[in-house]
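Novice: This is the structure I want to talk about, given as structure tokens.
The values are calculated or read from the model by the stated rules, or taken from the named source; none is laboratory data. Not measured: the values here are computed from a predicted model. Reconstructed Cβ throughout: ideal geometry from the backbone, glycine too, with neighbour counts over all protein chains shown. With ligands, DNA and RNA removed, areas are computed over all heavy atoms of the protein, side chains included. Shrake-Rupley method; radii C 1.70, N 1.55, O 1.52, S 1.80 Å.
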Amino acid sequence: FLATLAHELRNPLAPMRNALQILKMRGGDKAGIEQVRGMMERQLAQMVRLIDDLLDVSRITRGKLALRKERIGLAAVVSDAVDTARPHIEAAGHQLTVELPAEPVYLDADPVRLAQVLSNLLNNAAKYTERGGTIGVVAERRNGEVEVRVRDTGIGIPAESLPSIFEMFSQVDRSLEKSHGGLGIGLTLVKRLTEMHGGSVEAKSEGVGKGSEFILRLP
């Protein structure tokens, strides 16, 4: 894990270092400087996300993460999650559809953490779906709960990996992940935060190349 962590944290540093050299050379080239600045912001955001995930896992493991629950609408949480994940979805050329119940659904939940759960699932879907794929979010009431399904047409999950997909540092076979990498803690955060809300999460897939579906159930 430490080797993977070092690799993932170092990845953004090389382009950022190169960008600083370009800034020194370009001088008054405003258009070029703006392009380089945008690239540095994206790489920095990637590093921040990795470190935030590590800190969150640490807090949850030590029982130091407290939820700030309030009465919130499901639609607002889904909207926040989609806004967070949209840059990744659009950059990959995916089509996103969202279907919510006609009547408002309210939850007793931490809006920031619940949006984090959904955006993690959407980012995963974008990451592991070939360019131009389809991602769908479908929510509905079912047996006194709200069920939120995040589906994609991506690389899928091998049957042998499904039982351990939410475990810490668990990753799908590298040969399937191709160049995507990752620390293997995103889905652990999804599971832990969902359970802290009194809910559950389940992963389904018909196999490699057949997409994935993650089902959140919340009271």
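Novice: Within the range 144-160, take every residue that is in contact with a strand residue (DSSP E or B) (Cβ under 9 Å, 6 or more places away or on another chain) and open to solvent by 20 Å² or more (accessible area, probe 1.4 Å) and give me the one that is farthest from Gln95 (Cα to Cα).
Specialist: Restricting to residues being in contact with a strand residue (DSSP E or B) (Cβ under 9 Å, 6 or more places away or on another chain) and open to solvent by 20 Å² or more (accessible area, probe 1.4 Å), the top hit is Glu145.
Novice: Arg37 - would you say it is under 29 Å from Gly186 (Cβ atoms), modelled with pLDDT under 80 and either among the charged types (D, E, K, R) or not in a helix (DSSP H, G or I) (or both)?
Specialist: no
Novice: State all residues of the range 33-71 that are over 30 Å from Leu20 (Cβ atoms) and either touching a strand residue (DSSP E or B) at 6+ places or on another chain (Cβ under 6 Å) or touching a residue at least 60 places away in the same chain (Cβ under 8 Å) (or both); if no residue qualifies, say none.
Specialist: Scanning the range 33-71 gives Val57, Ile60, Leu65, Leu67, Lys69, Arg71.
Novice: What number of residues within the range 72-104 satisfy the criterion of being without any contact (Cβ under 8 Å) to a residue 12 or more places away in the chain and surrounded by 13 or more Cβ atoms within 10 Å (Cβ to Cβ)?
Specialist: Here the count works out to 3.
Novice: Kindly provide the set of residues from the range 105-137 that are assigned to a strand (DSSP E or B), within 27 Å of Gly93 (Cα to Cα) and open to solvent by less than 30 Å² (accessible area, probe 1.4 Å), ordered by number.
Specialist: Those that are assigned to a strand (DSSP E or B), within 27 Å of Gly93 (Cα to Cα) and open to solvent by less than 30 Å² (accessible area, probe 1.4 Å): Ile135, Gly136, Val137.
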